[in-house]
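S.K.: I'd like to ask you about the structure that follows.
The values are calculated or read from the model by the stated rules, or taken from the named source; none is laboratory data. Note that the structure is predicted; figures quoted are calculated from it, not measured. Here the Cβ positions follow ideal geometry from the backbone for every residue, glycine too, while neighbour counts run over all protein chains shown. All accessible areas refer to the heavy atoms of the entire protein, side chains included, with ligands and DNA or RNA removed. Shrake-Rupley method; radii C 1.70, N 1.55, O 1.52, S 1.80 Å.
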Amino acid sequence: MKPMTMTQKILASHAGLPFVEEGQLIEASLDMVLGNDITTPVAVKEFEKIGVDKVFDKNKVAIVLDHFTPAKDIQSATLCKCAREFAIDKEVEHFFDVGDMGIEHALLPEKGLVVAGDVVIGADSHTCTYGALGAFSTGIGSTDMAAGMATGKSWFKVPSAIKFVLTGKPSTHVSGKDIILHIIGKIGVDGALYKSMEFVGDGVSHLSMDSRFTMANMAIEAGAKNGIFIVDEKTIDYIKAHSTKPYTIYEADSDAIYEQIINVELDKIRPTVSFPHLPDNTRTIDEIEAQEPIKIDQVVIGSCTNGRMEDLQIANEILKGKKVAKHVRVVVIPATQKIYLTAMKQGIIENLIEAGCVVSTPTCGPCLGGHTGVLTAGERAVATTNRNFVGRMGHVNSEVYLASPAVAAASAITGVISNPETVWEDK
């Protein structure tokens, strides 16, 4: 039997095949189909054309209102109403609205809806986040979402893979965001085009689950079909703490074929920032400090990439007892209601507000230039989000610098893109 990667083994299992190979077209069974308030209404129209009166499994569809929720305008309210009415009519078990919502890619793992070995499609490109759990998850279009909801199956072309061997332990102020920006900076935004990014090696054990979610989330920014981590004790502990679903661990064969094997020495990675207007336009904090200071107008800490508990804790460690620079606006967005509540109980929200931040309800916020904190012409933002394309966060003449929560929080205090190590030493 031909050797397979982690992703290939998961796809073979769900296609009912003994093995699959790169480039093969397969039809696989789905464990979860996901949509949000932007993509679900389009899928609803296509679903109606199929002519079925119910979804394939009420427990395997999730609809999350998170991009423009609470509704920012009449058009957004209309989209939300469409998704809401569909979910109610079809008795979708996992429907999340205002009050019980969160950013979809933080919410589904938190609710235990995805586990190792699952196949998940979502009408949102950052669905690849769940690879942190050892699942195959990938973004698709609304038409594929409709077909998935109707049939419980989806067609895939089996991807080839790149193996990233992580070694060493990252330094104190380096997290998953720095690591994935470092990798994207090395291979480019199309460096893993329609490939599986498989993260292995002893270094994985030094990464928290939140850091792994961040890295898998941004696999798409390298063009990947999916990102996936080996399953270890941390993964299993997370799954058992959040889910009652059965899970399956798939390990790559020792002789699995990879297009490339890339070694990543975690202990050598420095805090890294992605400059406008592509995620691969990266510079280390040392390179930034060697040039003229880059003055900023706004900081965003949140999103499906970095709005989790660990991210807020990191921001709190740096901002507690400090003050945001007078000319800087800081928008903090907890990724879910549970994270928001936990941060309140830990005193983090109070500390951030006292530092001069504004705290938003869990939404995607300004990440896609749609809600709560968009930029006007000439403004610069340091953001823990995932994309910095032209006009991504508002005006086409604004600029977005992607960074970790540590760099974002440090920059909020100084008013320029700053090294968290330096700010930390000043505490």
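S.K.: Return yes when LYS163 is surrounded by fewer than 16 Cβ atoms within 10 Å (Cβ to Cβ) and in contact (Cβ under 8 Å) with a residue 40 or more places away in the chain and no when it is not.
M.R.: So LYS163 fails the test.
S.K.: Against the conditions (1) modelled with pLDDT under 95; (2) open to solvent by less than 10 Å² (accessible area, probe 1.4 Å); (3) more than 23 Å from ALA335 (Cβ to Cβ), where does GLY51 fall short? Just the number, please.
M.R.: Here GLY51 clears every test but (2).
S.K.: Right, another one. Restricting to region 5-43, count the residues that are among the hydrophobic types (A, V, I, L, M, F, W, C) and open to solvent by 10 Å² or more (accessible area, probe 1.4 Å).
M.R.: 6
S.K.: Please give the helices (runs of 4 or more DSSP H) falling wholly within region 1-110 in which 1 or more residues are in contact (Cβ under 8 Å) with a residue 60 or more places away in the chain, hydrophobic (A, V, I, L, M, F, W, C) and more than 25 Å from VAL158 (Cβ to Cβ).
M.R.: 40-50, 104-110
S.K.: While we're looking at this one, here's another question. Kindly indicate whether ASP144 is without any contact (Cβ under 8 Å) to a residue 40 or more places away in the chain and in contact with a strand residue (DSSP E or B) (Cβ under 9 Å, 6 or more places away or on another chain). Outline the logic, then answer.
M.R.: Working: without any contact (Cβ under 8 Å) to a residue 40 or more places away in the chain: yes; in contact with a strand residue (DSSP E or B) (Cβ under 9 Å, 6 or more places away or on another chain): yes.
So ASP144 fits the description; yes.
S.K.: Of the numbered conditions (1) more than 21 Å from VAL119 (Cβ to Cβ); (2) of a type outside the set (Ser, Thr, Tyr); (3) open to solvent by 70 Å² or more (accessible area, probe 1.4 Å); (4) at pLDDT 95 or above, GLU251 fails exactly one; give the number of that condition.
M.R.: (1)
S.K.: One residue is enough: does region 123-139 have a residue meeting the conditions open to solvent by less than 10 Å² (accessible area, probe 1.4 Å), more than 21 Å from ILE26 (Cα to Cα), at pLDDT 95 or above and assigned to a loop (DSSP other than H, G, I, E, B)?
M.R.: No, region 123-139 contains no residue that is open to solvent by less than 10 Å² (accessible area, probe 1.4 Å), more than 21 Å from ILE26 (Cα to Cα), at pLDDT 95 or above and assigned to a loop (DSSP other than H, G, I, E, B).
S.K.: Here's a follow-up. If LYS338 passes every condition in (1) assigned to a loop (DSSP other than H, G, I, E, B); (2) in contact (Cβ under 8 Å) with a residue 24 or more places away in the chain; (3) open to solvent by 20 Å² or more (accessible area, probe 1.4 Å) but one, which one does it miss?
M.R.: Among (1) assigned to a loop (DSSP other than H, G, I, E, B); (2) in contact (Cβ under 8 Å) with a residue 24 or more places away in the chain; (3) open to solvent by 20 Å² or more (accessible area, probe 1.4 Å), LYS338 violates only (1).
S.K.: Quick test of your reading of the structure: THR361 fulfils all but one of (1) assigned to a loop (DSSP other than H, G, I, E, B); (2) modelled with pLDDT of 95 or more; (3) within 21 Å of the chain's Cα centre (by Cα); (4) not small (Gly, Ala, Ser). Name the failing condition by number.
M.R.: Only one criterion is unmet by THR361, namely (2).
S.K.: Run LEU352 past the list (1) under 19 Å from the mean Cα position of the chain (by Cα); (2) more than 20 Å from THR69 (Cβ to Cβ) and report the number of the one that doesn't hold.
M.R.: (1)
S.K.: Then there's this: All but one of (1) crowded, with 21+ Cβ neighbours inside 10 Å; (2) out of contact with any Pro (no Cβ under 8 Å at 6 or more places or on another chain); (3) touching a residue at least 60 places away in the same chain (Cβ under 8 Å); (4) on the phi < 0 side of the Ramachandran plot hold for LEU312, so report the exception by its number.
M.R.: Here LEU312 meets the rest and fails (2).
S.K.: Please go through region 166-199 and pick out each residue that is open to solvent by 10 Å² or more (accessible area, probe 1.4 Å), out of contact with any Asp or Glu (no Cβ under 9 Å at 6 or more places or on another chain) and outside any loop (DSSP other than H, G, I, E, B).
M.R.: HIS182
S.K.: Can you tell me how many residues in region 261-286 are modelled with pLDDT under 95 and open to solvent by 90 Å² or more (accessible area, probe 1.4 Å)?
M.R.: Matching residues across region 261-286 total 0.
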